[in-house]
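See structure below.
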Amino acid sequence: MKKQILRFSDVTLAYHTVREETLAAQHLTFSVDEGEFVAVIGPSGCGKTTLLSLAAGLLTPSSGRITRNGSCGYMLQKDELFPWRTIEKNILLPLEIKHSNTAENREKARALAVKYGLGDFLSAYPSQLSGGMRQRAALIRTLASEPDILLLDEPFSALDYQTRLNVTADVSDIIRREGKTALLITHDISEAVSLADRVLVLTKRPARVAYEHDLDFGDVKNPLKRRESAQFSKWFELLWKELNG
Amino acid sequence: MKNKSEKTYSEEHLRYLRARRYHAIVVWTLRIGLLALLLGMWELITALGWVDPFLTSSPSRIFATLKSLYNDGSLFYHIGTTLWETLAGFAIAVFLGYSVALLLWWSETLRAVLEPYIVVLNALPKIALGPLIIIWFGTGSKAILFMTVLVGIIVAIMHMLSAFIATDKNKLLLMRSMGANKWTILAKLVIPSSLPSFISMLKVNVGMAWIGSIMGEYIVSRAGLGYLIVYGGQVFKLDLVMTATAILCILAAGMYFLVVLLEKLLVKNTDD
């Protein structure tokens, strides 16, 4: 049996404002195994981002338990590169914060950047890079601290369609090659189907897992190839019905 | 990626660059021409006797006043006095204002407690405190310095606090997800991302510092440009009033220019 990296057991979370109390999640149970790419889809406003904040340990559940074996790296909708730092300084940011800013780790992070085509841009500022390259730099920054699980919060939704397809393939390729575990949150069904090994469908608020599917693409990991395959539309239709049914 | 080191330009691009340069030259020529025209008209209508230079002064009389102030050695004494009060007040107001804003950013409770006080202090016309300041600090430079700080500090606090609070929520989330504590967030995100606001606060405070120091000199002083203006007004020496005002214009513009220079040095890479 594979090692579990992340596990939610019967998690409930309530939000408090002066006016009311909102249940964001109730009886939420699922797990992510090592090396797995799990996508979570749900109706809008079902608390998808909340789920990632819980996984990252930024929120504490009202009840239930969350166990995470290892560190996490967060990737957001926008690249959130710091404009006053060079690409290299941006990539080294998690090392500075985690006090693991050793020469060895810096060299590893730099090597990663070079490996994935950012070598020429290390001393450039984010404003000099295209949207796709910026998102790639954001991914390398996330990988620099060698997290055990990547938490991806709709990381492609801010890009235009053409760039999105390319960057999705690009990011997926990097994550697969580095053998990383990933939890992707998205509202885009086709993105989930083209990327994940397993898809969880959430109910509307309070969120819990309504359906769970192992995708049968076999060895086809490339999102662009998956989009061309026969199963793609089958899965798309099924998930569409489950989301809207 | 933008290529900034383009080597060859097309004919069209060269024409565009020439047009831009031509436009800049026209603007500068007109700017200087307008100043020369205004000064020339001023000189002319007083020389022709259309207006009484006793009431309006004139560029040549301002120049003569400047020369006599220089000759009796008081020109740089007055300039120095006001400049010192303004710069010291500016520096103290900026430093204290920035520090208080940091404290208020750090503690939400402190912010809530002090908010009404800051609002009231901001709305209060500082000149109303004139008599108190004279009694507490006497009639020397100290009183003027206090007035300058008072006028500048509230603006500095409010400006910087709103900049600190406006720190990008997603970048904060990112920092926290990396395990950053509040000190690290402050040092690596909040302070660097508020740098453009810091510069705009300096620009606002250049004006505030001059308001403070001149207002202070109106109330208590025995030296300085504000003193020359008040004194000149009282004894009806409009030449003196105009001369001191002209020097003030030049000094204030110079100080603003220094801040702009600082901005060019510090603020290079932003997303917008």
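Dipole check for segment B:11-51: with +1 at the C-beta of Lys and Arg, -1 at the C-beta of Asp and Glu, and the Cα centre as origin, the magnitude is about 180 Debye.
Close Lys pairs in segment A:86-245 (alpha-carbon distance under 22 Å; sequence gap of 8 or more, or different chains): 13. For chain B, modelled as a GNM whose springs connect Cα atoms under 10 angstrom apart, the maximal fluctuation among B:212, B:49, B:130 occurs at B:49. In this structure residue B:261 has an accessible area near 80 Å², from a 1.4 Å probe over the protein heavy atoms. Working from the Cα coordinates of chain A, the gyration tensor eigenvalues give, after taking √(5λ), semi-axes of 29, 22, 17 Å in decreasing order.
FRET efficiency for the pair residue B:120 and residue B:256, taken as 1/(1 + (r/R0)^6) with r the Cβ-Cβ distance and R0 = 45 Å, rounds to 0.95. When restricted to Cα atoms, chain B yields an Rg and a Dmax of 24.3, 77 Å, respectively.
One Cα centroid belongs to segment A:100-168, the other to segment A:196-233; the line between them spans 25 Å.
Using only atoms on other chains, find how many Cβ atoms lie within 10 Å of each Cβ of peptide B:18-31 and report the average.
0
Backbone phi angles across segment B:113-122, fed through the Karplus curve with coefficients 6.51, -1.76 and 1.60 (θ = phi - 60°), yield HN-Hα couplings of 5, 8, 3, x, 5, 5, 4, 5, 4, 5 Hz in residue order; Gly and Pro are listed as x. In the calculated pair-distance distribution of the protein assembly as shown, the portion above 46 angstrom amounts to 37 percent of the Cα-Cα pairs.
Label positions at residue B:27 and residue B:48, each projected 7 Å from the Cα along the C-beta direction, are separated by 3.4 nm.
For residue A:24, nonlocal amide neighbours, meaning residues 5 or more places apart or on other chains whose placed amide H falls under 5 Å from its own, are A:13, A:14, A:15. Under 25 Å of direct C-alpha separation, and excluding same-chain neighbours fewer than eight residues apart, residue B:142 reaches these lysines: B:126, B:203. Ignoring aspartates and glutamates fewer than eight residues from residue A:78 along the same chain, the ones with Cα atoms less than 19 angstrom from its Cα are A:88, A:153, A:154, A:160, A:170, A:188, A:191, B:168, B:271, B:272. Taking every protein chain into account, the 1.4 Å probe leaves residue B:8 with about 110 Å² of accessible area, to the nearest ten. Here r is the Cβ-Cβ distance between residue B:249 and residue A:21 and R0 is 56 Å; the resulting FRET efficiency, rounded to 0.05, is 0.40.
Take the Cα coordinates of segment B:11-51, assign each an equal point scatterer, and use the Debye formula without solvent to give log10 I(q)/I(0) at q = 0.17, 0.19 Å⁻¹. Computed log10 I(q)/I(0) values: -0.57, -0.63. Using the Cβ-Cβ distance between residue A:100 and residue A:4 with R0 set to 22 Å, the FRET efficiency works out to roughly 0.35.
Sequence-ordered 3J(HN,Hα) estimates for segment B:161-175 from the Karplus curve with 6.51, -1.76 and 1.60 and θ = phi - 60° stand at 4, 5, 5, 4, 5, 7, 3, 3, 4, 5, 5, 4, 4, 4, 4 Hz, glycine and proline given as x. Fully extending the segment from residue B:191 to residue B:76, taken as 0.36 nm per residue of separation minus the present Cα-Cα distance, adds 37.6 nm.
The values are calculated or read from the model by the stated rules, or taken from the named source; none is laboratory data. In this text, all values refer to a predicted model and were calculated from it rather than measured experimentally. Note: ideal-geometry Cβ built from the backbone for every residue, glycine included; neighbour counts use all protein chains shown. Only protein heavy atoms, including side chains, enter the accessible area calculation; ligands, DNA and RNA are left aside. Shrake-Rupley method; radii C 1.70, N 1.55, O 1.52, S 1.80 Å.
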